[in-house]
Amino acid sequence: MAENFASKNDFTSSFNIDKKYCFKVSLIYFASVLFANFMAQLIPISMNFPVTLTEDMIKWKEFVDSNDVLINTLTILVFAIPSLICLCYSFSMLFAKDDLTVAKKVVNLPLKFSLWGIVGWILNYFLEIIFCIYAKKTMGINLSYILISSFVFYILEAIFSFVVSYFVTETVNRSAVLPRLFPNGQVSKIPGVKKFSLNFLFFIFFITVSLFPIIFILSSFVSIQINNQIPINWNTIIMSIVLFVSSLALTIVFMRVFTVPLKKLTEGTEKIKKGDYSVKVKNISNDELGVLSDTFNEMTESLKEKEFIRDTFGKIVDPEVRDHLLSGNISLGGENCDVTVMFCDIRGFTSMSENMEPSSVVSLLNQYFTQMGKCISNNHGVINKYIGDAVMAIFGAPVKSENHALNAYNAALEMKTALVNLNEKFAKEGLSEISFGIGLHSGSVLAGNIGAENRMEYTVIGDTVNTASRIESLCKIYNTDLLLSENTAKQISSSKENLNLKFVADAEIRGKTETVKLYTW
């Protein structure tokens, strides 16, 4: 639960939400919707639809004139309702509780405003049906053909209003508003946002450039024929249907030219996100999508090479040190920090290796270092270097830890168990059994990059390191496989209850005037 809350905070922190700015933008979008509706009103003016002077039409004209105020008032009202909804939506952003809510509202603005903008046309048509039913009952007027023609008008007006308002507001949203509100992108990750594919946009495009003009021109053509009592030319209607089907088929083909390569690119990026850098996208064109595909394949090769370098780098230095350096910490220098330093040395290795083949020595050391390294890394330790058959490890740097002493002690316990299992394996392979000595000391060190500008090493330096090395060398004298200083023992005891460390001696450490109290398990 805490992780989800933290991730949500990290996500919303990338927003740059200004509620007043969003409110002003919504008012501009609202004005665009009103403009689209106004332009849609011009459709009946530009189309010569048949209006014959029949007895029913004369009565209908008288009915409209006698109810002029009521009809106009109700018409204004049905268009005022969606306008009021849009304005309420705009004001709701000013009083939203959090930025995420405002973000959802802004992203959804173009679609919601455009849909609400056509509600007036729908309501107006139903209002006309009610008036026609009332006129039929009170005056005996049969105006079914008026409702049919009005239906065509309202469909055209609603389509025109939606397309114009949606494309205008969506274009402004994508080009100006969203880049300002979401400078880091990730709009697609906002929960609760209506997501539309390119297929939807192509469908809207098809309606705009094909379906709407065909219906508009065909309706005008047919209306002229009816007005002038000319027989309807069915060949024109059939040709319009053929044009409609052909344009739809071409739109689908053209749509797939874009969506299929983009789908493959999306699938490829998902694989890369999961760590699969072997993915390649087939390039079958020389247009912008072809260039994008080539660039994508070049990017995967580059990422594959960088991941190989990163993985190799993590084998040369400890992964934690690698990540520390790759995050930008590559300047010379360091910082003082409290750590626990571990030295681990194989006992009698020099005399043992004299009687072994070099290949056997390398095999033994590799297996030994692999097992010891796992124990150290499992307990948040960092292997700083291998010194012949010795290992120097750090606990508490570069990633700081308050329990570095306990982590080092737990690592030593695991190393002891691992060595028992490793010796059983060596015995089966005919290799010599080995034993080690471990020295632990806690204190302040200087941790950082030491060396030259063109050749450096992440390490720790200070008296703590020297003391840990000399404590390890005393394991031979006191005949034990672990010695830890009083500093380390105190920190372990404060972190872990019921830990019975045995006092070994007040030992003299070379280079120190005072003795050091040593303990073991």
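The values are calculated or read from the model by the stated rules, or taken from the named source; none is laboratory data. Computed from a predicted structure; not experimentally measured. FYI the Cβ positions are ideal-geometry reconstructions off the backbone, even for glycines, and counts take in every protein chain you see. Note: accessible area is taken over every heavy atom of the protein model, side chains too, but ligands, DNA and RNA are not part of it. Shrake-Rupley method; radii C 1.70, N 1.55, O 1.52, S 1.80 Å.
A few notes on this one:
- Just one of the listed residues (L422, L440, L446, L413) is more than 24 Å from V362 (Cα to Cα), part of a helix (DSSP H, G or I) and of a type outside the set (S, T, N, Q), and it is L413.
- If you go through segment 137-151 and keep only what is of a type outside the set (S, T, N, Q) and crowded, with 17+ Cβ neighbours inside 10 Å, you end up with I141, L143, I146.
- Residue count, segment 357-399 (criterion: of a type outside the set (A, V, I, L, M, F, W, C), in a helix (DSSP H, G or I) and within 34 Å of the chain's Cα centre (by Cα)): 3
- From the list Y478, Y458, Y519, the one residue that fits, being under 18 Å from N384 (Cα atoms) and among the aromatic types (F, W, Y), is Y458.
- Test: residue in segment 385-392 that is in contact with a Lys or Arg (Cβ under 7 Å, 6 or more places away or on another chain) and closer than 14 Å to F369 by Cβ: yes
- Looking at segment 6-66, the helices (runs of 4 or more DSSP H) lying wholly inside it that each contain 2 or more residues that are at pLDDT 75 or above and more than 45 Å from the chain's Cα centre (by Cα) sit at 55-66.
- Condition met for A418 (at pLDDT 95 or above, among the small types (G, A, S) and either farther than 29 Å from K502 by Cα or buried (at least 16 other Cβ atoms within 10 Å of the Cβ) (or both)): yes
- Among the residues making up segment 57-85, those that are touching a Leu at 6+ places or on another chain (Cβ under 9 Å) and open to solvent by less than 20 Å² (accessible area, probe 1.4 Å) are V78, P82.
- Residue match in segment 499-519 (condition: under 11 Å from G439 (Cα atoms), assigned to a strand (DSSP E or B), of a type outside the set (V, I, T) and open to solvent by less than 30 Å² (accessible area, probe 1.4 Å)): yes
- Residues satisfying the stated conditions in segment 85-117, i.e. over 23 Å from the mean Cα position of the chain (by Cα), assigned to a helix (DSSP H, G or I), among the hydrophobic types (A, V, I, L, M, F, W, C) and farther than 19 Å from A40 by Cβ: L87, C88, F91, M93, L94
- The residues in segment 462-483 that are among the hydrophobic types (A, V, I, L, M, F, W, C), under 17 Å from H404 (Cα atoms) and in contact with a His (Cβ under 7 Å, 6 or more places away or on another chain) can be counted, and the count is 1.
- Sub-7 Å Cβ pairs linking a first residue in segment 270-296 that is over 15 Å from R256 (Cα atoms) to a second residue that is not in a helix (DSSP H, G or I), at least 6 apart or interchain, are K271/V279; I272/V279; S293/V281; S293/N283; D294/N283; F296/V281, ordered by first then second residue.
- Index of the failed condition, G430 passing every other in (1) open to solvent by 10 Å² or more (accessible area, probe 1.4 Å); (2) on the phi < 0 side of the Ramachandran plot; (3) of a type outside the set (S, T, N, Q): (2)
- Residue check for L115: at pLDDT 80 or above and touching a Ser or Thr at 6+ places or on another chain (Cβ under 9 Å): no
- Cβ separations smaller than 8 Å between residues 6+ apart or across chains give the following pairs from segment 23-38 residues that are more than 19 Å from D99 (Cβ to Cβ) to residues that are open to solvent by 20 Å² or more (accessible area, probe 1.4 Å) and of a type in the set (S, T, N, Q): F30/S83; L34/S83.
- Some residue of segment 155-162 being under 45 Å from the mean Cα position of the chain (by Cα), part of a helix (DSSP H, G or I) and surrounded by fewer than 19 Cβ atoms within 10 Å (Cβ to Cβ): yes
- Scanning segment 163-192 for residues that are open to solvent by 70 Å² or more (accessible area, probe 1.4 Å), farther than 25 Å from I207 by Cα and not basic (K, R) returns P183, N184, Q186, S188.
- Being at pLDDT below 85 and among the charged types (D, E, K, R) is a description that applies to K304.
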